[in-house]
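This report refers to the structure that appears directly beneath it.
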Amino acid sequence: MEQILTYKFHSNNIMFSNLFFLDQLSDDADFPPIITFNDEEEESKDVSFPENLPILALKNTVLYPGVVLPITIGRDKSIKAVKKAHEADKFIAVLSQKDVENEDPSADELFEIGTIAKIIKMLKMPDGSTTAILHGRMRCRKQQVTQEDPYLRGRFERVKDEAALDVLEFDAIISSIRDKAVKIIELSPQIPSEASAMLENMKNNSFLINFIASNLNLEVPEKQEMLELSNLSDRGHTVLKHLNSQLQLVELRSKIENKVRTDIEKQQRDYFLNQQLKTIQEELGQNPQQAELNTLAKRAKTKKWPEYAKEQFLKEYNKAKRINPQVAEYSVTLNYLEMILDLPWETYTKDNFDLKRVRKVLDKDHHGLEEVKERIIEHLAVLKLKGDMKAPIICLVGPPGVGKTSLGKSIARALKRNFVRMSLGGLHDESEIRGHRKTYIGAMPGRIVKSLKKTGSSNPVFILDEIDKIGKDFRGDPSSALLEVLDPEQNATFYDNYLEMEYDLSKVMFIATANSLSTIQPALLDRMEIIQISGYSTEEKLHIATKHLVPQQRESHGLKSKHVSISKSVLESIIQNYTRESGVRSLSRRLAGVMRNAAKRIAMDNETRVVIKKDDLTGILGPSRFSRDKYAKLKMPGVAVGLAWTQVGGDVLYIEASLSKGKGKLTLTGNLGDVMKESATTALSYIKSHAEEIGIDHVLFEERDLHIHVPEGAIPKDGPSAGVTMLSAITSILKDRPVKPFLAMTGEITLRGQVLPVGGIKEKILAAKRSGIKSILLCSENQKHIDQIPKEFIKDVSFIYVDKMEDVLKYAITP
């Protein structure tokens, strides 16, 4: 008679088996497996079973030999099979089904290997369902299915376990399984400690492996795989592997639970101590929270601010007095009160109305930039006469390195105002401008209001740097939020979401900087006064380097004027041979390299004075990076030099043309935009229609293909100003005559033979002069732009003004 654990639904015996997060069995297996004690004896008996057995399909578990499994039977076939077996000799074949979702599996949809079980008992449950307790006896293999209805029956053969070949290794596996199972029991508070003793009492190694495998939280295919392993050593290895994974999971869960328990205990301890501290302070007549509020009230009495701001403060102050200091809302309200008090509501610095001194400061800090300086002087003059006016919104547009940002500092110093700079490059979030609503945790005002708090006055010089590089995404459009900030008619009532009230920005002098106007929103552009700042000529750079950059770099490297000497000719050589820019940033870096070399010679070689010569530049800065002589080598036909405008200033570009045998096809390369391609097409059409006047044989257009290329193909190029250059290059290759050397040109062309004016003239002229160009051809209407450039900057350059395309060819192509 088998001695089994007494089956009780609420007994500890049933808990012993629930070791490793048992599957939540449903339908055909609602209960965890339980075990027998005399398993070793059972294994030794030669149990006989009928040849033809009923088949029970298990839905979501696997029955192992030696394990007792209570199941709730719900399907008709299963109920009939169990009842038939119970009425006969109580033996039944238990096979797991391959698809757990299948409610009526056929014999082919069951695994081949299963377990022959004996029905220990059948119970009628209170809800009317039937529960059977099955005891797995031995593994079996399905040989033949003899019946499909009303339930499955079949013939089976016994599958015996194979003994482990390496007994020592097998013993080590069993020992590891036992140890890890005990660890899991120790780390699982829901499993009683008696379970460890129960595992120790299991002497049959085969049964121990089956019992652990049955209790592992695995999917049916993984459990079935272990059941089908005949070699006990292999089955033990597989069980140990899954047991390791389960142990890691239990250890991690235990670690998390301990940490959470510690955090909760700490919170309870902190709360208890805070309550004690509060009680002690009340007994001693101390109240730090009230002291904080009293300090804020004293500051509010002497604060100079609008009436609406005062009313808002009192409203929030009275609210703070009623809030429990331990509540999170108290700190939010306190921060809000401090922010209101810190803002310079009606605090203004006194402007410097000594206009001559202002002009002197501006001239000292920056060379040139006359238009900007004049605009600042005009504003101060009106302010001096009227006494009050809205500050201008100025936008300085120009290439990098020309001093747009530093000019803002200079203006603030000249006016004796506070200075603040706000970088807008890459800004995506609208709340960076308007702030967050204070109801959110971690809310804060926008950067406009925070910057005013930092400066301590409501009329600073406010630099909005890189306004052309503002982003836009799902978080809002910051450039649209700036519309209110930069509108003189609206910014007197600027609304910040955090403050929840208006703030007067009308006295703030906003100065925006940008490299290009093309990316600025039109509505925002309309609110600003645009001042173009062009690049510097060589003479201006020489002056800036002498007066500003050399002294600045000398001081930055710990040198004095007596230690190092750089002549103007050396500076000019650095400007022409090592820089090619509109601004002076690259020049500043080159001068820093010269100063580092001088500092090294003084520190290491004990030289008392270093005189930099032209011959030293190659050793200090390397070989010359730019050549002014390459344009003299353009003696081949089909190559012309054009002038272009870019966001970083003017530039010089080649346009090359070549002929090859073909049928008159036109090819354009060099990453050209649509407008530039149209210029080439227009130039070719004009040449074809005036071929006889120009002196070109019509046969060329039919028997030759024309290829036009603009070098530096990685850089996109577009615009109409290359029209005259395209015309000259095509005519040059068709007539087989080179373009005149040291000649650059710019201008738009039409089919009617007209040359039209283009923009960016000063930038283009300075770029041509930097490159050693001696003659520039352009439209007559651009002469007014040339007249605005100081004569000393263009004294070595001659200008050719044209109105017609035939004049271009007359001046550009060599006879």
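Brief remarks follow.
- If you go through the range 367-412 and keep only what is more than 20 Å from F462 (Cβ to Cβ), crowded, with 16+ Cβ neighbours inside 10 Å and touching a strand residue (DSSP E or B) at 6+ places or on another chain (Cβ under 6 Å), you end up with just P399.
- Residue in the range 528-539 that is farthest from T513 (Cα to Cα), counting only those that are open to solvent by less than 20 Å² (accessible area, probe 1.4 Å) and either of a type in the set (S, T, Y) or in a helix (DSSP H, G or I) (or both): T538
- Tabulated pairs, the range 605-626, first surrounded by 11 or more Cβ atoms within 10 Å (Cβ to Cβ), second in a loop (DSSP other than H, G, I, E, B), C-beta under 6 angstrom, 6+ apart or interchain: F626/R580
- Selection within the range 766-776 - part of a loop (DSSP other than H, G, I, E, B) and either free of Cβ contacts under 8 Å to residues at least 24 places away in the same chain or touching a strand residue (DSSP E or B) at 6+ places or on another chain (Cβ under 8 Å) (or both): S771, I773, K774
- Here I209, I185, I191, I177 are screened, and the one residue that is at pLDDT 85 or above, out of contact with any Gly (no Cβ under 6 Å at 6 or more places or on another chain) and β-branched (V, I, T) is I177.
- Check on K223, assigned to a helix (DSSP H, G or I) and free of Cβ contacts under 8 Å to residues at least 60 places away in the same chain: no
- Members of the range 193-211 that are of a type outside the set (D, E) and touching a residue at least 40 places away in the same chain (Cβ under 8 Å): A195, M198, N201, M202, K203, N204, S206, F207, N210, F211
- Test for N491: is it open to solvent by less than 20 Å² (accessible area, probe 1.4 Å), over 29 Å from the mean Cα position of the chain (by Cα), under 26 Å from Y336 (Cα atoms) and free of Cβ contacts under 8 Å to residues at least 24 places away in the same chain: yes
- With respect to (1) touching a residue at least 60 places away in the same chain (Cβ under 8 Å); (2) over 30 Å from Q312 (Cα atoms); (3) outside any loop (DSSP other than H, G, I, E, B), the lone exception for K373 is condition (1).
- When I441 is tested against the conditions (1) more than 30 Å from G368 (Cβ to Cβ); (2) out of contact with any strand residue (DSSP E or B) (no Cβ under 8 Å at 6 or more places or on another chain); (3) assigned to a loop (DSSP other than H, G, I, E, B); (4) open to solvent by less than 20 Å² (accessible area, probe 1.4 Å), the lone failure is (4).
- Set G128, G136, G154: member being free of Cβ contacts under 8 Å to residues at least 60 places away in the same chain and not in a helix (DSSP H, G or I): G128
- Residue count, the range 709-765 (criterion: closer than 11 Å to S679 by Cβ, touching a residue at least 60 places away in the same chain (Cβ under 8 Å) and of a type in the set (D, E)): 1
- Considering K301, K266, K255, K259, the condition of being assigned to a helix (DSSP H, G or I), closer than 30 Å to Y317 by Cα, modelled with pLDDT under 85 and out of contact with any Lys or Arg (no Cβ under 8 Å at 6 or more places or on another chain) is satisfied by K301 alone.
- Residue match in the range 272-285 (condition: open to solvent by less than 60 Å² (accessible area, probe 1.4 Å) and modelled with pLDDT under 75): yes
The values are calculated or read from the model by the stated rules, or taken from the named source; none is laboratory data. Just so it is clear, the model here is predicted, and its values are computed rather than measured. Heads up, the Cβs are rebuilt from the backbone with ideal geometry, glycines too, and the neighbour counts pull from every protein chain shown. Note: areas computed on protein heavy atoms with side chains; ligands, DNA, RNA excluded. Shrake-Rupley method; radii C 1.70, N 1.55, O 1.52, S 1.80 Å.
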